[in-house]
Amino acid sequence: MFQADRMRTKHRLLDLNRMNQKPLPQYPALRPRRIRQSPALRRLVRETHLSVDQLVLPLFVRSGKKVRNPIASMPGVFQLSPDELAREAIRAHALGVPAVLLFGIPDRKDDRASGAYAKNGIVQQAVRLLKKELPDLLVITDVCLCEYMSHGHCGIVHREKRGATILNDPSLKLLSRAALSHAEAGADIVAPSDMMDGRVLAIRTALDGAGFSDTPIMSYAAKFASAYYGPFREAAESAPKFGDRRSSQMDAANANEALREVALDIAEGADMVMVKPALAYLDIIHRVKTEFGYPTAAYSVSGEYSMVKAAGAKGWIDERAVTMESLLAMRRAGADILITYAATEVAGWLKNDR
Ligand SMILES: [Zn+2]
């Protein structure tokens, strides 16, 4: 080895030592390959694990009976009527999936999102049914207005000559009503996804005021305006009719701002925080977990799911291996909870691996 190379190697190792704050042996004493020689050995030293306990299955519910509308861009995902929703939940729960996350598709939309907080709204009906059929299954409800608004935005829209704005504070009242109606129907956890400022505090206050002080809030704390949501908009029929969501969701370029969003939500009473999307935002997951140490959820969104499904169907990638590796990466980054459309499949794979 040339002198310069040797010096460079030495410096690199010194850097590593400094990073670890303790002396590290050097080659040939240190041979990292030694502990990779057999499956059992690799299992023994594995640092991160995937478990069915971490999985949450998102489900889309709409009115009717025996309805299973396939989402073309998300193979294996359907809009389900409540009876079919229960079947899907039973299948996931039987494989050990502890929780589902519900999204509603109402029959009618208006500019007050009244379906979002109707006592007999589609999500409220679905929650009551699931809690009756599967009392042990955790039912998390997505709290937002966009699926119920005729214009598809997450808050009340004020139209002016120069364009439309989303009114933050008036929207909080509607979001609180929606969250409270979910809790009244029996939801175990409410998950506000709208990204309005102050929504966690508004929802916490509304829940506490109505005797639901034990209902946890999982906030979509760092939710980015992302092109990865494309297939979801078809699934939830929630695409905005004009404009986009860049005034409420975060700019993909911002990480420090994500930490501020999370800090705010925790200060307002969030019990769990979420980063969405997941795979392209592993640095955010890592920083959120390191900074706050709160239960952290990663939402592996529709686009992530669809890309793997499509490439898998073409035989370009190994769908199962890529799915598992991606979820493991989210865990390694710091996620405790994995929200994925592949939850039932993953639960099946994990069971077979045991
Ligand atoms: Zn929304």
(message) What distance in nm lies between label points placed 7 Å from Cα along the C-beta direction at D251 and K22?
(response) 4.3 nm
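Report the gain in length on full extension from D169 to R233: 0.36 nm times residue separation, minus Cα-Cα distance, nm rounded to one decimal. Walk me through the intermediate numbers first.
On the way: separation 64, 0.36 × 64 = 23.04 nm, distance 2.49 nm.
Contour length minus Cα-Cα distance gives 20.5 nm.
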(message) From the protein chains alone at 1.4 Å, what is the descending order of accessible area for E47, E325, E184, largest first?
(response) E47, E325, E184
(request) Determine how large the accessible area of I71 is when every protein chain is in place; take a 1.4 Å probe and give Å² rounded to the nearest 10. (result) 10 Å²
(request) Just need the relative contact order of the chain here, percent rounded to a whole number, with Cα pairs under 8 Å and 6+ apart. (result) 16 percent
(request) Could you provide, to the nearest whole Å², the per residue accessible area of the chain with probe 1.4 Å? (result) 50 Å²
(message) Given contacts defined as C-alpha pairs under 8 Å and at least six residues apart, what's the relative contact order of region 186-281, whole-number percent?
(response) 41 percent
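So for F224, F242, what's the accessible-area order with a 1.4 Å probe, most first? It would help to have the intermediate numbers written out before the result.
Values: F224 0, F242 60 Å².
Per-residue accessible area, sorted high to low, gives F242, F224.
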(request) Would you check the accessible area of E237, probe 1.4 Å, heavy atoms only, in square angstrom rounded to 10? (result) 70 Å²
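Tell me, in nm to one decimal, what length is gained between D111 and H158 on full extension, where the rule is 0.36 nm per residue of separation less the Cα-Cα distance? Please report the intermediate quantities before stating the final value.
On the way: separation 47, 0.36 × 47 = 16.92 nm, distance 1.03 nm.
Extending this stretch completely gives an extra 15.9 nm.
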(request) Take every DSSP beta bridge whose two residues both sit in the chain, then give the antiparallel share in percent to the nearest 5. (result) 20 percent
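Determine the shape class of the chain: with a ≥ b ≥ c the square roots of the Cα gyration tensor eigenvalues, call it rounded for a/c under 1.5, and otherwise prolate if a/b is greater than b/c, oblate otherwise. Display every interim value, and only then the final one.
On the way: a/c = 2.02, a/b = 1.59, b/c = 1.27.
Prolate is the answer for the chain, as a/c is 1.5 or above and a/b outweighs b/c.
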(request) Mind running the shape call on region 244-348? Use the C-alpha gyration tensor, a ≥ b ≥ c as the square roots of the eigenvalues: rounded below 1.5 for a/c, prolate if a/b tops b/c, oblate otherwise. (result) prolate
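Would you mind classifying region 17-95 by shape? Square roots of the alpha carbon gyration tensor eigenvalues, ordered a ≥ b ≥ c; an a/c under 1.5 is rounded, otherwise it is prolate if a/b is larger than b/c and oblate if not. Write out the running numbers ahead of the final one.
Values: a/c = 4.12, a/b = 3.54, b/c = 1.17.
Here region 17-95 falls in the prolate category.
So how much slack lies between S51 and R91, counting 0.36 nm per residue of separation and subtracting their Cα-Cα distance, in nm?
This chain segment gains 12.7 nm when fully extended.
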(message) For the pairs K131/K276; K131/K289; K223/K289; K161/K223; K66/K132; K161/K241, flag any whose C-alpha to C-alpha distance is greater than 21 Å.
(response) K131/K276; K131/K289; K161/K223
(message) I need the calculated FRET efficiency for the pair N69 and K132, taking r as the beta carbon distance and R₀ as 30 Å, to the nearest 0.05.
(response) 0.80
(request) Considering only protein heavy atoms, with the full assembly of protein chains and a 1.4 angstrom probe, order Y228, Y220 by accessible area, largest first. (result) Y228, Y220
(message) Can you give me the distance in nm between label points at A210 and A267, each placed 7 Å from the Cα along the Cα-to-Cβ direction?
(response) 2.7 nm
(message) Using a 1.4 Å probe on the protein heavy atoms only, what accessible surface does V45 show? Give it in Å² to the nearest 10.
(response) 60 Å²
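The values are calculated or read from the model by the stated rules, or taken from the named source; none is laboratory data. It should be emphasised that the depicted structure is a prediction, and the values quoted were computed from it without experimental measurement. All Cβ positions, even for glycine, are placed from backbone atoms using ideal geometry, and neighbour counts span all protein chains on display. Accessible surface is based on the protein model in full, side chains and every heavy atom, while ligands, DNA and RNA are left aside. Shrake-Rupley method; radii C 1.70, N 1.55, O 1.52, S 1.80 Å.
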